[in-house]
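This report refers to the structure that appears directly beneath it.
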Amino acid sequence: MTAKQILDSFSETLMQDDRILSPQERELLMSLLQNSRAVSGSDLGTQSAVTAAIARSVGETVAQRAFALLGGSIVEQILARSGIPAAAETMPDATVHLGAPQPPNPVPPPPGPKAPQPPNPVPPPPGPRAPQPPNPVPPPPGTKAPQPPNALHPQHGLRPLSVPVQQSLQQSRLDSDSSVGVLDSPGIARDQCVVLDEFLAPQELDELVSYTLQHEAQFQSSEVISPNGEPGMIAYDHRRSRVLMDLGKHEAVILDRIRGVLPRVLDQLGIEEFPVRHTEAQITASNDGDFFRAHSDNSDEMIASRRITFVYFFHREPRQFEGGELLLHDSQDRGERHLSTGSYQTIAPQQNQIVFFPCSLLHEITPVECHSRAFADSRFTLNGWLHK
């Protein structure tokens with residue numbers, strides 16, 4: 001049977017079964033489709049070829065997992081109801097699977113007593129195993145096949161939503177007046193984030209890097225809000241970096257992509273959906289010695305409507321800096337201040353990766369090491385906030 005027939009024959013409930021397709025695999029499919037549309041633009045022929053390749057592999061994988069999990073009888077019943085012969089099309093040997101290992105080819109038993117039969121295979125539970133890309137389908141004549149985003153490579157696969165990049169807790173060295181040495185007391189806000197890899201299409205990433213380097217002269221020193229609530233204060237002992245407020249077309253590109261994943265992000269963060277009434281976005285360049293001490297993004301009255309912080313990492317290749325990690329602190333609510341408990345999770349900057357977390361979360365940026373001190377070698381982020 002064909003992939004389309006498989007997909008059409010299985011019910012939506014079966015497709016939503018995490019044993020058939022895990023949430024991470026469904027998230028990857030959404031990212032693949034979004035990026036393929038962005039790369040192919042209005043070329044309907046190319047879009048059709050990419051969609052067919054994805055549908056074929058997904059249909060084959062769903063069918064094989066259903067056979068292993070539910071047995072052949074239920075699949076045969078579905079095919080019988082749809083009027084499709086069970087042997088209409090055999091699965092190719094080179095099928096690319098989204099994560100479920102397949103048993104080796106059976107070897108005929110030697111002559112003699114009948115060998116015991118192994119138990120029915122049980123598929124592994126859903127987990128963070130990186131999905132594999134579908135087999136490519138040649139595009140129609142006269143069209144150019146789009147290049148898939150790097151998310152298709154196993155080493156750059158989609159990270160599971162809400163799973164931190166480095167989960168081990170480490171002890172932070174904070175000033176004594178901003179650290180609380182209690183890890184298990186009530187009221188502690190545990191760190192929460194959603195991390196997505198390969199967020200922009202390769203062409204979009206290249207254009208963003210080029211735009212950033214061309215506008216070096218427009219970057220200005222980063223500012224903070226003063227203790228009395230006045231904006232526009234420069235405090236090099238608290239924050240040191242440079243920012244660009246005019247993002248050109250790239251602001252619309254990143255915000256459009258964020259809107260596409262926001263419902264899933266909010267669900268993973270345990271935050272109810274809310275109307276986004278205002279957005280802020282900027283490009284931040286951090287060079288040798290630049291940093292941002294522990295802070296939250298909605299601690300002042302004039303920015304109290306901020307709800308979600310996003311940080312998109314990018315840089316010129318090859319990368320010429322070290323450090324600049326994003327630390328997300330476990331914190332404790334102490335009236336008007338959130339104080340660190342002394343533990344945190346670390347997210348190292350990765351090309352074309354975006355991180356979402358609540359604006360109230362205490363976080364900081366560790367010092368950057370950039371030996372060349374050239375602007376083009378900086379640690380760049382396109383970061384901003386969604387307001388309720």
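For segment 225-288, applying the loop criterion from DSSP together with a ceiling of 16 other beta carbons within 10 Å to the GluC sites (Glu not before Pro) yields E272, E273.
For A217, the shell of other residues with beta-carbons less than 13 Å away shows a net charge of -1, using +1 for Lys and Arg and -1 for Asp and Glu.
Multiplying each eigenvalue of the alpha-carbon gyration tensor of segment 189-323 by 5 and taking the square root yields semi-axes of 23, 23, 15 Å, largest first, rounded to whole angstroms. When only the Cβ of Lys, Arg, Asp and Glu is charged (+1, +1, -1, -1), the dipole of segment 286-379 relative to its Cα centre reaches about 140 debye. Within the full protein context, the accessible area of S221 is estimated at about 50 Å² for a probe radius of 1.4 Å.
The label point for H295 and the one for I234, both projected 7 Å from the Cα toward the Cβ, are 1.5 nm apart. Extending 7 Å from the Cα toward the beta-carbon at both D206 and S221 defines two label points whose distance is 3.8 nm.
The values are calculated or read from the model by the stated rules, or taken from the named source; none is laboratory data. Not measured: the values here are computed from a predicted model. Using ideal geometry, Cβ is built from the backbone for each residue, glycine included, and neighbour counts are taken over all protein chains shown. Protein only, heavy atoms only, side chains kept; ligands, DNA and RNA dropped before computing areas. Shrake-Rupley method; radii C 1.70, N 1.55, O 1.52, S 1.80 Å.
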